[in-house]
Amino acid sequence: MSDYKIKHNPYKIVSMFEECIADYTGAPYALSIDSCTNALFLTCKYFEVNDVIIPSKTYLSVPQSIMQAGGNVLFDESMNDWTGAYQLKPYPIWDSAKRLTSDMYIPGSYMCLSFHIKKTLKIGKGGMVLTDDKEFVDWFRRARYEGRGWQTFYKDDNIKTMGWNMYMTPQEAAHGLCLLQNYPLHVPDLEEENGYLDLRRFDLFSDCKTI
């Protein structure tokens, strides 16, 4: 077995991509993950959400993330005219899958981004959470990586907390970094072609209340 130790940890490029997204959006921290859906899920887990109010017209995985995190979904029709981003009320969590533009960060918030192939930064799949909460940063970095320390071999680590396999790969980060090089400074919110379905039509959400 080779004793060779690679000179550059490939996961460094993930940190580089995070730093660039933070700088572009005006957020103190940007935390990468494998999808916006999982960004919402982990952020909801962190807050141990209870009742969460969202539009009834949004993407399918948003209420699923809330429910999987232990929360209850409440639909609010008055929020259905949202563009770009909306808050998962009353928590400072934002579904920002349709927005990626300069200086977009809202202080005190946890803004979840999407880099899906249908979004403006088309990595293929991936996401981030923008935040200014250092305690959340430390928790999230381990939560997305099976409880492991970021850029640490687990044989050299001590796993103390539960985690999930939701990290962004170096390949995705490298692609994002390349695309970001020529990304515009001001980018309009994306619109959903033909609009979102009203999720109350699905049996899965039949027990969710409308307020």
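If we only count strands (runs of 3 or more DSSP E) wholly inside the range 70-156, which ones have 2 or more residues that are more than 14 Å from the chain's Cα centre (by Cα)?
Numbers: elements: 72-75, 86-88, 93-95, 110-114, 127-131.
It comes to 72-75.
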_Can you tell me which condition residue 143 does not meet? The list is (1) out of contact with any helix residue (DSSP H, G or I) (no Cβ under 7 Å at 6 or more places or on another chain); (2) surrounded by 20 or more Cβ atoms within 10 Å (Cβ to Cβ); (3) of a type outside the set (Ser, Thr, Tyr), and all the others hold._
(1)
_Number of the exception - residue 146 against (1) modelled with pLDDT under 95; (2) at negative phi; (3) of a type in the set (Asp, Glu)_ = (2)
*Going through the range 43-57 one residue at a time, which ones are assigned to a loop (DSSP other than H, G, I, E, B) and touching a helix residue (DSSP H, G or I) at 6+ places or on another chain (Cβ under 7 Å)?*
49, 55, 56
*Restricting attention to the range 165-192, which residues are under 19 Å from the mean Cα position of the chain (by Cα) and part of a helix (DSSP H, G or I)?*
170, 171, 172, 173, 174, 175, 176, 177, 179, 180
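Could you grab me the full set of residues in the range 193-207 that are assigned to a loop (DSSP other than H, G, I, E, B) and loosely packed, with under 11 Cβ neighbours inside 10 Å?
Within the range 193-207, the first condition is being assigned to a loop (DSSP other than H, G, I, E, B), and the residues that meet it are 193-197, 202, 206-207.
Residues satisfying the conditions are 193, 194, 195, 206, 207.
Restrict the check to the range 69-83 and report whether at least one residue is among the charged types (D, E, K, R), within 13 Å of residue 110 (Cβ to Cβ) and modelled with pLDDT of 95 or more.
Restricting attention to the range 69-83, the residues satisfying the condition of being among the charged types (D, E, K, R) are 76-77, 81.
Then keep just the ones that are within 13 Å of residue 110 (Cβ to Cβ); that gives none.
Checking the range 69-83: not a single residue is among the charged types (D, E, K, R), within 13 Å of residue 110 (Cβ to Cβ) and modelled with pLDDT of 95 or more.
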*For the range 41-84, how many residues are in contact (Cβ under 8 Å) with a residue 60 or more places away in the chain, crowded, with 19+ Cβ neighbours inside 10 Å and among the small types (Gly, Ala, Ser)?*
1
_Just the residues that are in a loop (DSSP other than H, G, I, E, B) and either without any contact (Cβ under 8 Å) to a residue 60 or more places away in the chain or of a type in the set (A, V, I, L, M, F, W, C) (or both), please, taken from the range 26-40._
27
_Those residues of the range 19-29 which are closer than 11 Å to residue 173 by Cβ and buried (at least 19 other Cβ atoms within 10 Å of the Cβ), in sequence order_ = 21
*Pair list, Cβ < 6 Å and 6+ apart or interchain, from the range 1-25 residues that are in a loop (DSSP other than H, G, I, E, B) to residues that are at pLDDT 90 or above*: 10/170; 11/170
_Subset of the range 91-104 (residues that are surrounded by fewer than 22 Cβ atoms within 10 Å (Cβ to Cβ) and touching a strand residue (DSSP E or B) at 6+ places or on another chain (Cβ under 7 Å))_ = 91, 92
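The values are calculated or read from the model by the stated rules, or taken from the named source; none is laboratory data. What you see is a predicted model; the values in this text were computed from it and never measured. All Cβ positions, glycine included, derive from the backbone under ideal geometry; neighbour counts span all protein chains shown.
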